[in-house]
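Asks: I have a structure here, written as structure tokens, and I will follow up with some questions on it.
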Amino acid sequence: MTAAQANETIDYPFVRLSFEGPLAIVTLNDPDRLNAMGDDMAQSLAAALAEIAKPRRRCRAVLLTGEGRAFCAGYNLMVNRKALAEGKAMIMPLGGAETLYHPMLRRLHALPVPLIAGVNGLAIGIGLGLAMAADYVVMADDAWVQTPFKNLASAPDSGLTWLLPRAIGVPRAKRMLMNAERVDAATAREWGLVAETVETAQLRARALEIARGFADDATVALGEIKTLIGEGLRQDIHSSFEGEAKAVGRTARTKDNLAAVKVFASGEKPVFTGE
């Protein structure tokens, strides 16, 4: 482990960032409010992602989870009590999605390394948006998700109108968005919304196990897989062929590629360095 990869914890307002070697752990840390997302938390999350992206960190995977009994209870409507009292309640401040929340989510989606979400409790609205930015989602078996926008007479945000139809199909996406339907963990797994569910007591240990596995894996190749899948959702198969050919060229003869090829015939497990 290099000096840049030594264990370290940075506390931001309502967000805790911990480094365990090549793994970064981001914890939404406002348990008294069920980790509801306000401007301070969103800004802190953006700052944590900027820290993770620094080359000296040599980060190879990121785990996103919540402190306490919730993952994220959506946008914190109580941050603007005066507006609520005046009947001006809204999911996010006007312009806030464009200037703060969506840029933060774009950065989360653009992470070049695997992102694992450990959904330890309810994930509502933007909370679900955060989870769906992940490449692998493990969810506590008593957790649930919901998109309650229509209950507040609001359009959705957080990219959910793009993410949900692609993840679970249009009919189910409409059920969730137009009915504000609450979806439990078992149903989320059945629909393919999450990769796996575990007992609540085992959630953190299992999420860490998965994240550490990715952090020790072939980072460059995993980043290319993320990019190719994302681009593939927006293009035809011929463009995907071209993208794959270029990506194969970029991964060929990386240190990890050479290590894997060297031991391939022997059945030994290669040791990857992320280079």
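Asks: Enter the mean projected area of the convex hull around the alpha-carbon atoms of the chain, in nm², rounded to one decimal.
Replies: 15.8 nm²
Asks: On the first, second and third principal axes, largest extent first, how far apart are the outermost C-alpha atoms of the range 196-275 in Å?
Replies: 45, 36, 20
Asks: Extending each Cα 7 Å along its Cβ direction at ALA50 and ASN179, get the distance between those two points in nm, one decimal.
Replies: With each label placed 7 Å out from Cα toward Cβ, I get 4.3 nm.
Asks: Using a Förster radius of 30 Å, what is the FRET efficiency between ALA186 and GLU209 based on their Cβ-Cβ separation? Nearest 0.05, please.
Replies: Efficiency at R0 = 30 Å is approximately 0.90.
Asks: Give the shape of the range 136-175 as rounded, prolate or oblate, defined through the alpha-carbon gyration tensor: a ≥ b ≥ c are the square roots of its eigenvalues, a/c under 1.5 means rounded, and otherwise the shape is prolate if a/b is larger than b/c and oblate if not.
Replies: oblate
Asks: What relative contact order, as a whole-number percentage, does the chain give when Cα pairs under 8 Å and 6 or more residues apart are counted?
Replies: It comes to 15 percent, rounded to a whole number.
Asks: Between ARG166 and THR227, what length comes free when the chain is fully extended (0.36 nm per residue of separation minus the Cα-Cα distance, one decimal in nm)?
Replies: Computed gain between ARG166 and THR227 is 20.4 nm.
Asks: Continuing with the same structure: Against the globular-protein guess of 2.2 N^0.38 Å, express the Cα radius of gyration of the range 182-231 as a ratio, rounded to two decimals.
Replies: 1.42
Asks: How would you rank 56-68, 111-123, 155-167, highest first, on the average number of other Cβ atoms within 10 Å across their residues?
Replies: 111-123, 56-68, 155-167
Asks: Here's another thing I want to ask about it. Rg/Rh for the range 219-266 to two decimals, with Rh computed the Kirkwood way over all alpha-carbon pairs.
Replies: Across the range 219-266, the Cα-based Rg/Rh ratio is 1.07.
Every number in this text was worked out from the coordinates using simple rules, so none of it is lab data. For clarity, every value in this text was computed on a predicted model and none was experimentally measured. Ideal geometry is used to build each Cβ from the backbone, glycine not excepted, and the neighbour counts take in all protein chains shown.
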